[in-house]
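First the structure, in the form of structure tokens, and then the observations on it.
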Amino acid sequence: MEALRNWTMTIAGVIVFGSMCDMLMPENGIKKYIRLALGLILVISIITPIVSLLGGFRDGNIPQIDSEQENAYTSYSQMEERQREDITKIYQDNVGAKITAFLESEYPDREFETRVETSDSQENFGEILRVDVVIHTDSGAGATEEKDLVSSVKESINQNYGVNKKDIYVSAEDG
């Protein structure tokens, strides 16, 4: 009950002080600014006990973000980045597997390994930037045959996946 009495006395005191200031000030341009300041003081004196009842501004201090909240935000940001990296990796693996399956259907007597790099920028997300293909050949293949196979593989990937030929790297290994 004492707190309610003190609160009403504070509000009454602010109102009386504001009225006296208002009567004593001459009618000029600064009077409206003084009224604004007194109004703000009145509003603050009215809401301060309400805010303290609701648990805010304990000990008269403005609440600060504690280290747990800051760590949670940092952890969330790191987790979001890891998820983005994982999604990109899964997507690249899936595209590489599809290109490998396509090449193995086109050239059934060969085995292929494919690695794909994609864009992770917001506007071009998922665009194929680079394709690395390793063709496992038998040791009896000649250099001309390998060269023809390499150019044929580049052409196939270019036509079916729209990847620029200069971004397709094909190598042949005895396998």
Give just the number: which of (1) modelled with pLDDT of 85 or more; (2) acidic (Asp, Glu); (3) out of contact with any Ser or Thr (no Cβ under 8 Å at 6 or more places or on another chain) does GLU113 not satisfy? (3)
Hits in segment 29-42 - residues which are of a type outside the set (Ser, Thr, Tyr), free of Cβ contacts under 8 Å to residues at least 12 places away in the same chain and open to solvent by 80 Å² or more (accessible area, probe 1.4 Å): ILE30, LYS32, LEU36, LEU40
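Per-residue answers, yes or no, for (1) within 22 Å of GLU85 (Cβ to Cβ); (2) crowded, with 16+ Cβ neighbours inside 10 Å; (3) not aromatic (Phe, Trp, Tyr):
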position: GLU104; (1), (2), (3): no, no, yes
position: PHE112; (1), (2), (3): no, yes, no
position: HIS136; (1), (2), (3): no, no, yes
position: ALA143; (1), (2), (3): no, no, yes
position: LEU149; (1), (2), (3): no, yes, yes
position: ILE157; (1), (2), (3): no, yes, yes
position: ILE168; (1), (2), (3): no, yes, yes
Condition first: more than 15 Å from GLN92 (Cβ to Cβ), of a type in the set (Lys, Arg), touching a strand residue (DSSP E or B) at 6+ places or on another chain (Cβ under 9 Å) and outside any loop (DSSP other than H, G, I, E, B). Can you find one or more residues in segment 152-166 that meet it? yes
Can you name every residue in segment 96-116 that is acidic (Asp, Glu) and in a strand (DSSP E or B)? GLU111, GLU113
For segment 77-92, give me the residue count where each residue is in contact (Cβ under 8 Å) with a residue 12 or more places away in the chain and either under 21 Å from ILE157 (Cβ atoms) or in contact with a His (Cβ under 7 Å, 6 or more places away or on another chain) (or both). 3
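The values are calculated or read from the model by the stated rules, or taken from the named source; none is laboratory data. Keep in mind that this is a model prediction, so the values were computed, not measured. In this analysis, Cβ positions are derived from the backbone assuming ideal geometry, glycine residues included, and neighbour counts consider all displayed protein chains. Just the protein is used for accessible areas: all its heavy atoms, side chains included, with ligands, DNA and RNA removed. Shrake-Rupley method; radii C 1.70, N 1.55, O 1.52, S 1.80 Å.
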